[in-house]
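Below is one structure. I have some questions about it.
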Amino acid sequence: MAQVEATTERTIAADAETVFDALADYLDTRPKLLTEQFSEYEVREGGDGEGTLVHWKLQATSKRVRDCLFEVSEPTSGELVEQDRNSSMVTTWRVTPAGEGRSRVAVTTTWKGAGGIGGFFERTFAPKGLARIYDALLAKLATEVEK
């Protein structure tokens, strides 16, 4: 099984602290950012960054639905890590300053992919699909914090 990785980033016209706080707010802000690929969203513990336990289903394709239960940690300043209890999936959000009143948000998701021909297609197409989903989420984040 090979490691699969999907990464996308966006520069947002809001300071890094504001952007990070919005991403870490799993109770109010995060649900507003989710695209139609996310369903059954539920905060089970916490709700603000480190210590949060959050559930959702991610429908990356018409046939592929992942049931995710993420534990959230903040290993370094400006970084949120969501580790799925149900799989090898890990999503890391990094928010860094990008000049006066601007910030850069990078989101990277990794997981252990399937082997064989299925794994080949997963490594080829899944990162592009997931990047599209997170591009849309980052656009909603920008709209939310640039108000």
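The values are calculated or read from the model by the stated rules, or taken from the named source; none is laboratory data. No experiment lies behind these values; they were computed from the predicted model shown. With ideal geometry, Cβ positions are generated from the backbone for all residues, glycine too; neighbour counts draw on all protein chains shown. Areas reflect the complete protein model, heavy atoms only, side chains present, ligands, DNA and RNA absent. Shrake-Rupley method; radii C 1.70, N 1.55, O 1.52, S 1.80 Å.
Exactly one condition in (1) under 15 Å from Val95 (Cβ atoms); (2) touching a residue at least 60 places away in the same chain (Cβ under 8 Å); (3) under 15 Å from the mean Cα position of the chain (by Cα) is false for Gln37; which is it?
Gln37 satisfies every listed condition except (1).
May I ask you to list the residues in the stretch 36-50 that are touching a strand residue (DSSP E or B) at 6+ places or on another chain (Cβ under 7 Å) and open to solvent by 50 Å² or more (accessible area, probe 1.4 Å)? Quick ask: steps written out before the conclusion?
Within the stretch 36-50, the first condition is being touching a strand residue (DSSP E or B) at 6+ places or on another chain (Cβ under 7 Å), and the residues that meet it are 37-46, 48-50.
Within the stretch 36-50, Ser39, Glu40, Tyr41, Glu42, Arg44, Glu45, Gly46, Asp48, Glu50 meet the criteria.
Next question. For the stretch 48-65, which residues satisfy the criterion of being in contact with a Lys or Arg (Cβ under 9 Å, 6 or more places away or on another chain) and part of a loop (DSSP other than H, G, I, E, B)?
Thr52, Ala60
Would you please name the residue that is modelled with the lowest pLDDT, looking only at residues in the stretch 96-147 that are in a helix (DSSP H, G or I), farther than 16 Å from Gln3 by Cβ and β-branched (Val, Ile, Thr)?
So the residue we want is Ile117.
Same structure, new question: I want to confirm something. Restricting to the stretch 64-96 and keeping residues that are under 17 Å from Arg132 (Cα atoms) and more than 12 Å from the chain's Cα centre (by Cα), which single residue is surrounded by the fewest Cβ atoms within 10 Å (Cβ to Cβ)?
Looking at the filtered set, the residue picked out is Arg64.
Among the candidates Leu33, Leu23, Leu27, Leu53, which residue alone is buried (at least 16 other Cβ atoms within 10 Å of the Cβ), out of contact with any helix residue (DSSP H, G or I) (no Cβ under 6 Å at 6 or more places or on another chain) and under 22 Å from Ala139 (Cα atoms)?
On the way: Leu33 fails: out of contact with any helix residue (DSSP H, G or I) (no Cβ under 6 Å at 6 or more places or on another chain); Leu27 fails: buried (at least 16 other Cβ atoms within 10 Å of the Cβ); Leu53 fails: under 22 Å from Ala139 (Cα atoms).
Being buried (at least 16 other Cβ atoms within 10 Å of the Cβ), out of contact with any helix residue (DSSP H, G or I) (no Cβ under 6 Å at 6 or more places or on another chain) and under 22 Å from Ala139 (Cα atoms) holds for just one of Leu33, Leu23, Leu27, Leu53, which is Leu23.
I'm told Gly101 meets every condition in (1) open to solvent by less than 20 Å² (accessible area, probe 1.4 Å); (2) within 17 Å of Glu144 (Cβ to Cβ) except one. Can you identify the failing condition by its number?
(1)
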